[in-house]
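The next block holds one structure in the form of structure tokens; read it before the comments.
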Amino acid sequence: MLERSKPLPIAIRVNLTPGGGQFDDNSYRIRRTFKAVSRALRNSDRAKEITLRTGPSERLPKAFEDIRPTSSQLEYLALCGYGDNIRSTVFDVPSTIFAQCLFPLKTLILERCKVVPSDLTRHCAHLTHLELRSVPSFNIGDLVAIFRLASPTLQSIILDSIPIPRGVFERVPHTSFPRLSVLNFSAPSGDSHAHNVFFLLHFMTIPFTATLILGFLILGPTWHIPAPIIPALGRHFSGGDPVRSLIIFQTNIHKRRGLRMQGWTRPTLPRFFYPEDAPSPAVDVHWICEEAEDGSSLERILTDLISVGPLHAVQTLTIARVSVLSVTVMDALLLTLPSLREVCIHGSASLRALCGLEPNGGPGTRPSPLIRLRELQILTIYEASFRDGGTQGVDLHALCNCLDQLSARGHGTIELIVCYSDAWRQDMEELAKHSRHFLWDGSINGTTGVPQMDAPSSNCVS
């Protein structure tokens, strides 16, 4: 096929070690795979794409030796290692690959491999996509050199767990990226050197139309957030289209607790919490805690989010499954969101904070934060608990009291939706008395407690 297709361009895509970590490097299947791939790589002057995925193998150096084109039309290069240890380097990329001729690369993807950074720079003048995952040996200067050369064309940058040594960064030149649409920096594994990648934000001008994705571990007992992150978020929020929708929820990455915040410029999102069904957010930030701590640590993370601002245009807020949330933090959050029209909360912690109760259900020391939402039109509550040992609990009474206060203050008619909560028919009929538009959608107690629509005057719809 290679002989008969000359001189047409080819694409080489292969997993050199099929079977994951359970392969035999000397098996006939592996030897045959490497032999066929080596034959193709010897025609690498015709290759527009080379994608090699591999586990550790003694046959790799020989395969790399076959990539020695005298001329090149290579636009897509992906060298990806995999194995048992997700952070270990699987193979070294020989410098001879990059020494023969100039690659007109548009996409460069390196994962869990070691490469000499200076070998790459001259091949990156036309890059549109740069992706480095767990690739050692880079420093700030190496990355900035690639950025400066490729800045007119780069559209997406992904740097994940790149261990960068500490150093002096003040003299690094500033770079603008006029075509950048996605910037993704992640350091979720707890390596302080990997955290240093965020210092690149000091030297980058990111278009306000770009999607900004940041994922990082908060290191140590002081819960230190990498310094450039909050200013970068502030500039991004204030410079582009106003963020109109927020989802805040607790996450678990590598069994660490934290919070994830997603912001959209769209006016509304679905009233339910399924982020995979939502459009891509303009901002997606993961805070991950190094150790299991009490809820106050997560609240401090949320307080940092509140300080980013401005979020005055946000119309839709979802707080999903945050296990501990105080009235103080909820009040501070809603104070920055004066234009809220839709609020969706999941769980008792968020409901209690919204209604002015302490996490243990006791009365708070300040009015309900819900009262300050003068533009509120829709309140949706998931996974609440309105029962305490078979009797109506404080959460139900606090919610009824808030609804009465909203009505008394002339906040307008609010649509109340209660979904999949621990509630009885009597609880829902009680809530219906405090809201002119009320929907009970699903009950964890089955259908026996669903209100019956016998009386035409009932406000409760199931």
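The values are calculated or read from the model by the stated rules, or taken from the named source; none is laboratory data. Given the structure is predicted, the values throughout are model-derived calculations rather than measurements. Don't worry about glycine lacking a Cβ; one is built from the backbone with ideal geometry, like all the others, and counts go over all protein chains shown. Please note that ligands, DNA and RNA were not included when accessible areas were found on the heavy atoms of the full protein model with its side chains. Shrake-Rupley method; radii C 1.70, N 1.55, O 1.52, S 1.80 Å.
Values computed for the structure shown
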read-out	value
Gap separating the Cα centres of the stretch 324-360 and the stretch 179-212, nearest whole Å	30
Cut-off under 5 Å, modelled amide H: who pairs with ILE218 long-range	ILE288, CYS289, GLU290
Note, ³J(HN,Hα) from phi for the stretch 369-382, Karplus 6.51, -1.76, 1.60, rounded to Hz, x at Gly and Pro	x, 4, 5, 6, 7, 6, 9, 5, 10, 9, 10, 10, 10, 10
Bridge type composition, the chain - antiparallel percent by DSSP, nearest 5	20
Per-residue [θ]222 nm for the chain (sum of -39500 (n - 2.57) over DSSP H runs n ≥ 4, rounded to 500)	-6500 deg cm²/dmol
Other-chain or far-sequence residues with amide H under 5 Å of MET204's (modelled H)	THR175
Cleavage-rule hits, GluC sites (Glu not before Pro), the stretch 71-170, DSSP coil, Cβ neighbours within 10 Å at most 12	GLU170
Integer Hz, Karplus 6.51/-1.76/1.60 couplings in order for the stretch 89-104, x for Gly and Pro	7, 8, 7, 9, 9, x, 5, 4, 4, 9, 9, 6, 7, 8, 8, x
The stretch 1-69 - percent relative contact order, Cα under 8 Å, separation 6 or more	44
Sparse-neighbourhood loop sites, trypsin sites (Lys or Arg not before Pro) in the stretch 313-412 - DSSP loop, at most 12 other Cβ within 10 angstrom	ARG409
Kyte-Doolittle mean at least 0.0 and Cα axial length at least 18 Å: DSSP H helices in the chain	394-408
Relative contact order (%) - the stretch 305-391, alpha-carbon pairs under 8 angstrom, separation at least six	31
Cα-based shape type of the stretch 91-140, given that a ≥ b ≥ c are square roots of the gyration tensor eigenvalues and the cut on a/c is 1.5	oblate
Whichever aspartates and glutamates have a C-alpha closer than 12 Å to that of LYS433, once near sequence neighbours (fewer than 8 apart) are set aside	ASP404
Integer Hz, Karplus 6.51/-1.76/1.60 couplings in order for the stretch 189-203, x for Gly and Pro	9, x, 7, 5, 5, 5, 4, 5, 4, 5, 5, 4, 4, 4, 10
Listed candidates (1) 24.0; (2) 27.4; (3) 25.3 - label of the one calculated as Kirkwood radius over Cα pairs in Å	(3)
Solvent-accessible ranking of LYS6, LYS35, largest area first, probe 1.4 Å	LYS35, LYS6
Average Cα contact separation per residue, the stretch 174-215, under 8 Å, 6 or more apart, as relative contact order %	64
Gyration tensor verdict on the stretch 326-416 (Cα atoms; rounded if a/c is under 1.5, prolate if a/b is larger than b/c, oblate otherwise)	prolate
Low-density loop positions, trypsin sites (Lys or Arg not before Pro), the stretch 136-208 - DSSP coil, at most 12 other Cβ in 10 Å	ARG166, ARG171
Average accessible surface area per residue within the stretch 347-396, 1.4 Å rolling probe, Å²	41
Antiparallel bridge percentage (DSSP; both residues within the stretch 309-450; nearest 5)	10
Candidate lysines - alpha carbon under 29 Å from LYS62, same-chain residues fewer than 8 apart omitted	LYS6, LYS35, LYS48, LYS106, LYS114
Amide H contacts of THR251 (H built 1.01 Å from N, under 5 Å, at least 5 apart or other chain)	GLY258, LEU259, ARG260
